[in-house]
1. If you take the residues of segment 92-137 that are of a type outside the set (Phe, Trp, Tyr), more than 19 Å from Ser221 (Cα to Cα) and at pLDDT 90 or above, which of them is nearest to the chain's Cα centre (by Cα)?
2. I'd like the full set of residues that are farther than 22 Å from Gly136 by Cβ and either touching a residue at least 12 places away in the same chain (Cβ under 8 Å) or not in a helix (DSSP H, G or I) (or both), limited to segment 60-79.
3. Out of Trp294, Trp377, report the one residue that is without any contact (Cβ under 8 Å) to a residue 24 or more places away in the chain, of a type in the set (Phe, Trp, Tyr) and over 19 Å from Ala25 (Cβ atoms).
4. Can you spot a residue in segment 206-221 that is in a helix (DSSP H, G or I), touching a strand residue (DSSP E or B) at 6+ places or on another chain (Cβ under 7 Å), modelled with pLDDT of 85 or more and not hydroxyl-bearing (Ser, Thr, Tyr)?
5. Kindly evaluate Ala262 against the criterion of being farther than 26 Å from Asp353 by Cβ, at pLDDT below 85 and buried (at least 19 other Cβ atoms within 10 Å of the Cβ).
6. Pick from Gly341, Gly318, Gly371: which is closer than 15 Å to Ala134 by Cα and part of a helix (DSSP H, G or I)?
7. Residues Pro10, Pro74, Pro70: which one is touching an Asp or Glu at 6+ places or on another chain (Cβ under 9 Å), under 21 Å from Pro112 (Cβ atoms) and surrounded by 16 or more Cβ atoms within 10 Å (Cβ to Cβ)?
8. Test Leu364 against the stated conditions and say whether it is closer than 19 Å to Ala129 by Cβ and not charged (D, E, K, R).
Amino acid sequence: MKRIIRKYGPPIFHCINDFGQGSLAALIPFFIVNFGLNYYQSASIIFCNTVVASVAQPVLGYVADRWRVPWFIPVGFTVTLVSISAMALATSYEMILALSLLAGVGAALFHPEAALLVNRTQSHEIGNAMGRFAVGGSAGFALGPFIAGGVYVFGGHFLWVFTAIALLGVLLYMYAFTGETDTIRTCESESRAKSANMGTNDWVSFGKLFFVIASRSILFSVLSIFIPILYITVINGGASTSSLALTLYFAMGAVLTYMGGALSDRLGFLKTVRLGNLIFLPSVLVFIFVPNIWGFFGAMIPMAFGVFSQYGPITVLGQKYLAKNAGFASGITLGLGITLGGLVAPYVGHLADIYDVQTALMTLIPVGVIGLLMSFWLKEPK
């Protein structure tokens, strides 16, 4: 039983952590109504969450690469979810910002060590294992908004359900990963030895890849924030159902993330990334301006493919370009690569305040073009 949980534990914990990360965007309409926030202030909530994670995750990835810090995993997702729960007690916009920042600290602790746990204990099937890990995160982002939608029915106190989920995660971690650690440490030692003796670091290619990572991160973060807002302002949907639109988006993401990994085995990693951007660019235009709900969700499917299909291939490319520092590469691609876009979101929100949401979202077009052009500049790793 423990062996099964150890195999599927990392994606489960990733799912638990990203319950919190995914729920934050779905709570934006709730904060707008209850605290009278504008779009810039709303996007700044995501900014506070991501700025800490963006800066800290590469550093903590380096720490995790050199020293074994398994407690980062349960402490990380617990801090994330308890911070979301504590927003039920918030009485001001500043308190929400502070708790959002604290949730970012939790995510920064969790992601690098969790990614290395996969690498250290499942190196014999790293491709499939990392794919499961990625899908776990996508599932968390999908289910988080669904759970957070309870605040529109039961009120803010419903957020304490996230603390209960964190407690269950801690108990599962303690059962599976405490005690009987000899086998785990042996696997970790073998994995580190392989990393030290095999492969080289191609920093030039990784530097180019960073622009692809940043492009995808911006697309992911901005859409995660503005899908509920677009649903309300353009489609005239209700605030209580806006979280369901985000849930559907992330549910697609869980499936399309796995599809992207499978497709990359046939086409190659870079070709899959290029295909994703090529499909994204026309579909996002339709998504932004379509005036009805059927077109909204119809355009969401190819748009989501463009964003989520790149996730697995980009992660593998980062590990291949930095073969000697897979932990640091994972900290960038799985951590910074997901959260970096949150740094840009407040500025998109500011444009939405000045003009409108649709005009602001047009900034995603040049971002996608940059990602596409940079992917054509890269070569498949050897």
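1. Residue satisfying both the conditions and the ranking: Ala98.
2. Once the filter is applied, which keeps residues that are farther than 22 Å from Gly136 by Cβ and either touching a residue at least 12 places away in the same chain (Cβ under 8 Å) or not in a helix (DSSP H, G or I) (or both), segment 60-79 yields Tyr62, Val63, Trp67.
3. That would be Trp294, the only listed residue that is without any contact (Cβ under 8 Å) to a residue 24 or more places away in the chain, of a type in the set (Phe, Trp, Tyr) and over 19 Å from Ala25 (Cβ atoms).
4. Yes, segment 206-221 contains a residue that is in a helix (DSSP H, G or I), touching a strand residue (DSSP E or B) at 6+ places or on another chain (Cβ under 7 Å), modelled with pLDDT of 85 or more and not hydroxyl-bearing (Ser, Thr, Tyr).
5. Spelling it out, it is not the case that Ala262 is farther than 26 Å from Asp353 by Cβ, at pLDDT below 85 and buried (at least 19 other Cβ atoms within 10 Å of the Cβ).
6. That would be Gly318, the only listed residue that is closer than 15 Å to Ala134 by Cα and part of a helix (DSSP H, G or I).
7. Result of the check over Pro10, Pro74, Pro70: Pro70.
8. no
The values are calculated or read from the model by the stated rules, or taken from the named source; none is laboratory data. These numbers were taken from a predicted model, which means no experiment stands behind them. Note that each Cβ is placed from the backbone with ideal geometry, even for glycine, and that neighbours are counted across all protein chains shown.
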